[in-house]
Amino acid sequence: MADIHSVIGTKNKKGQTYTDTWKLMNEAPRTPSFFTGSEVIKEALRRASCDVMIAYPITPQSEAAALIGELFAEGYIGDYFRGESEFAVMSQCAGAAFGGARVFTTTAGPGTMRAMENFPMWSGARLPIQMIVTCRGINSPLSIQPDTLEIAYLLNTGMLVWHAETAQDFFDWILKGYMVSEEPDVHLPLALCCDGFFVTHTKDVVNLTPADMCLPPYDPYRSPVPCMDMECPPVRMMRDPFVMKSNYISYATHASWQQEIWAAVERSRKHSIHWLNGLIDTENTDAEIIIVASGTAVSQGREAIRLLEDEGVRCGLVKVKTLRPWPEEEIREATKNAKHIFVPEFNVTGWLAKEIKATISNPERVHAGPRVCGGMTMPPEIIVSEIKTALGMKTFSLAGRGS
Amino acid sequence: MSKERIQISEDLYDIMPPDYQDLVKSATYGKEDRGWKDIGTSKELIEQHSLCAGCPESMAFRYILASLPNPEDTVMVGSTGCTSLVFPMVAVHNIHSLFGNQNAIASGLKRALSVRFPGRVKDVVVLAGDGATVDIGLDMTLQAWFRQEKFTTICFDNELYANTGGQESGLMQKGFVAKMAPVGKLFDKVRLPEIARESGCHYVVNCTVSKPSLVEKVIRNAVHIAREIGPTYLQLYTPCILEIGKNSMEGLQEMRDSEKPTERFAYKEYISEPAKQLLAELAAKDKERKAAAKQLAGQASA
């Protein structure tokens, strides 16, 4: 059986040096590069020692998925192909992960929804697959525009769910994500989400680690469940399949298995804190007004805070990095001084605001907005307007409000 | 996996379940000419199962597991249905994930095993019912064949959804009255063997499991061809005696009746040219091996 520590310092077939991940992420030199989010995904994958990537076209992740194909052609990925639908792709990913591979895929919007049946199965089978979700609209009429509604559906699958704000988050979290996902006491899939187009299609300066250094390979024998490769004894799993039984043992087994998945999500907390330097980032949480956001809404929130400062309104910021594990304690602590909590979101239902309301005391402090959806951008001015209106301050009238 | 991998530490031997002890003592992992005749003299790779008494599927399972040419390096993929009640008791690694996605799982699995074990044989065999193969999973069944994925697909065709209580399926005969076909099925049995051939399978067989020697032959052929050349497909009639109103003793006769020359499970096979060549080479090697063994035996007795 492979021992990952034994390969540190050795080279792979592309001449990259397997490097201790902590050193790679925190100590190795970084080169500023001007890339689109899709190109950044490719560059992260180049360094990820990925065995299998399976692709399917859907806007806005198609470019990233195709670029990883180029990496395969260059010899950086073990195998790569285009599946026939997202449902099939996520099952193909599962098959590869069952077989002990480090697996990567990307999807978006309707693709996430089509594949949905697979995600609780991934968690239940404890497959540490990494899936990039470049969020876009999912409802009818057809939309390809950014909208984060699909994240709401992922929150109860038993997957880890992280929400990247920038391409730099993406680059770092793709690599760090495998480290958290593959811990034996976690061993769960990761949905690494971003807001489509805003992150995937815009160019940004991203500090990249050296291209000749890569992650240590995945060791499937650290999995808490057997790897399906016939390299370890094929034990009879159960005397009678539980699906046949309507009895206490059957229910108790299913119940404890589900509880274990969520316990594993909880156990990912300490690893996520270690790698991401906390589950949230905060600025000025002593302020009476706090914006709590995830994804690109954080950037818009930051800009709104700058505009408000010009008018003498002081406002703090909480950037939620991981949605699962949910930073319950951290958000409670960060918002304890706040009289008003604003939650700008790129979706119609306001799932983040609901999560926050269920977390903190005095949830009437939460103003569940502003919200945009269907591909609308969120000018910082509407966050400013929302805050000023709530504070009883005079604000400019927004087009279409009729006021 | 070599047979050494399943050995039990001496200290733990007495607390291991008897079926595992039997597996270590007398299973046929690694036996070169394993086959259905080992049944009764060696530990089968299937433990007790919870299928109905007399279910032909249970016979099919036993023959197939006895006939896999390389069980020590074979991973099976199942789907939801009666087969998923058996797989937990099978002594080769097997995967159940969802209903209908078996050929997608197998595609990813086979590729992962090829990446991880270059130069080593790792066979993948899918075994699922007709609902999984032809209805809910048809796109993934066909697409795996289009892509020339190198694994075997076995369909246990019982011509209906058995596990959910006998509903109409695509492989049901036209006119059959069943749940969800209250006035009889309105369209023909889907001709998947022909579709398999057109979709790129290199070996396609349509038959019943009435004859264990025949099952052994087609399983060996299908696995060897899938390993070396490309996708293979076996459609095996395993009637659901419960849902067609037969008794436990009548499964075998039902299969014999259905495999007569004019019936829908008359033996049909298709072998592609490269597959024919491979089978000829394997037969020649087999002959050589047997002749050598015979010679050796002759020398030993002389």
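The values are calculated or read from the model by the stated rules, or taken from the named source; none is laboratory data. All values derive from a computational prediction rather than experimental measurement. Cβ placement follows ideal geometry from the backbone for every residue including glycine, while neighbour counts extend to all protein chains displayed.
Residues that are of a type in the set (Val, Ile, Thr), without any contact (Cβ under 8 Å) to a residue 24 or more places away in the chain and outside the structural domain of residue A:165 (by TED's automatic domain parsing): list the helices (runs of 4 or more DSSP H) wholly contained in region A:230-342 that include at least 3 such residues.
Ranges flagged: A:248-276.
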Report summary line: Selection over region B:101-142 where residues are at the interface with chain A (Cβ under 10 Å from one of its Cβ atoms), in contact with a strand residue (DSSP E or B) (Cβ under 8 Å, 6 or more places away or on another chain), among the hydrophobic types (A, V, I, L, M, F, W, C) and surrounded by 24 or more Cβ atoms within 10 Å (Cβ to Cβ) yields a count of 6
Query - Count - residues of region A:273-296 that are crowded, with 23+ Cβ neighbours inside 10 Å and either of a type in the set (D, E, K, R) or on the phi > 0 side of the Ramachandran plot (or both) - result: 1
Requested in this report: Could you list, in sequence order, all residues of region A:67-97 that are in a loop (DSSP other than H, G, I, E, B), more than 23 Å from the chain's Cα centre (by Cα) and among the small types (Gly, Ala, Ser)?
Outcome: A:75, A:78
Report task. Kindly establish whether residue A:109 is in contact with a helix residue (DSSP H, G or I) (Cβ under 7 Å, 6 or more places away or on another chain) and facing chain B (nearest Cβ under 9 Å). Result -> no
Query - Which numbered condition residue B:153 fails, given (1) in contact with a helix residue (DSSP H, G or I) (Cβ under 9 Å, 6 or more places away or on another chain); (2) hydroxyl-bearing (Ser, Thr, Tyr); (3) free of Cβ contacts under 8 Å to residues at least 40 places away in the same chain - result: (3)
Requested in this report: From the list A:243, A:199, pick out the single residue that is more than 20 Å from residue B:8 (Cα to Cα), surrounded by fewer than 18 Cβ atoms within 10 Å (Cβ to Cβ), of a type outside the set (Ser, Thr, Tyr) and modelled with pLDDT under 90.
Outcome: A:243
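Residue-wise test of (1) over 24 Å from residue A:136 (Cβ atoms); (2) at pLDDT below 95.
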{"residue": "A:4", "(1), (2)": "yes, yes"}
{"residue": "A:16", "(1), (2)": "yes, no"}
{"residue": "A:24", "(1), (2)": "yes, no"}
{"residue": "A:27", "(1), (2)": "yes, no"}
{"residue": "A:39", "(1), (2)": "no, no"}
{"residue": "A:43", "(1), (2)": "no, no"}
{"residue": "A:52", "(1), (2)": "yes, no"}
{"residue": "A:74", "(1), (2)": "yes, no"}
{"residue": "A:77", "(1), (2)": "yes, no"}
Requested in this report: May I ask you to verify whether residue B:97 is facing another protein chain (nearest Cβ under 9 Å), small (Gly, Ala, Ser), assigned to a helix (DSSP H, G or I) and within 21 Å of residue A:220 (Cβ to Cβ)?
Outcome: no
Requested in this report: Residue by residue through region B:66-115, note down the ones that are out of contact with any Phe, Trp or Tyr (no Cβ under 8 Å at 6 or more places or on another chain), modelled with pLDDT of 95 or more and more than 28 Å from residue A:78 (Cβ to Cβ).
Outcome: B:99
Report task. Could you please let me know if residue A:181 is over 25 Å from residue A:350 (Cα atoms) and among the hydroxyl-bearing types (Ser, Thr, Tyr)? Result -> yes
Report summary line: Every listed condition ((1) surrounded by 24 or more Cβ atoms within 10 Å (Cβ to Cβ); (2) of a type in the set (Asp, Glu); (3) more than 22 Å from residue B:255 (Cα to Cα)) holds for residue B:159 save (3)
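Residue-wise test of (1) without any contact (Cβ under 8 Å) to a residue 40 or more places away in the chain; (2) in contact with a helix residue (DSSP H, G or I) (Cβ under 9 Å, 6 or more places away or on another chain); (3) aromatic (Phe, Trp, Tyr); (4) surrounded by fewer than 16 Cβ atoms within 10 Å (Cβ to Cβ).
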residue	(1), (2), (3), (4)
A:14	no, yes, no, yes
A:26	yes, no, no, yes
A:29	no, no, no, yes
A:62	yes, yes, no, no
Report summary line: Exactly one of B:284, B:297, B:293 is surrounded by 12 or more Cβ atoms within 10 Å (Cβ to Cβ), in a helix (DSSP H, G or I) and not assigned by TED's automatic domain parsing to the domain that holds residue B:148, and that one is B:293
Report task. Identify the residue in region A:4-55 that is polar (S, T, N, Q) and assigned to a loop (DSSP other than H, G, I, E, B) and, among all such residues, is farthest from the other protein chains (Cβ to nearest Cβ). Result -> A:19
Query - Pair list, Cβ < 6 Å and 6+ apart or interchain, from region B:60-82 residues that are away from every other protein chain (no Cβ under 14 Å) to residues that are surrounded by 24 or more Cβ atoms within 10 Å (Cβ to Cβ) and modelled with pLDDT of 95 or more - result: B:60/B:209; B:60/B:236; B:60/B:238; B:63/B:215; B:64/B:219; B:67/B:219
Requested in this report: Give region B:57-85 a look and list any residue that's farther than 25 Å from residue B:33 by Cβ and in contact with a strand residue (DSSP E or B) (Cβ under 8 Å, 6 or more places away or on another chain), or say none.
Outcome: B:57, B:77, B:78, B:79, B:81, B:82, B:83
**Report entry** Cross-chain or 6+ apart pairs with Cβ under 8 Å, region A:137-150 first and farther than 19 Å from residue A:296 by Cα, then hydrophobic (A, V, I, L, M, F, W, C) and at pLDDT 95 or above
**Finding:** A:139/A:149
Requested in this report: Please state which one of A:226, A:220, A:234, A:216 is facing chain B (nearest Cβ under 10 Å), buried (at least 17 other Cβ atoms within 10 Å of the Cβ) and at pLDDT 95 or above.
Outcome: A:220
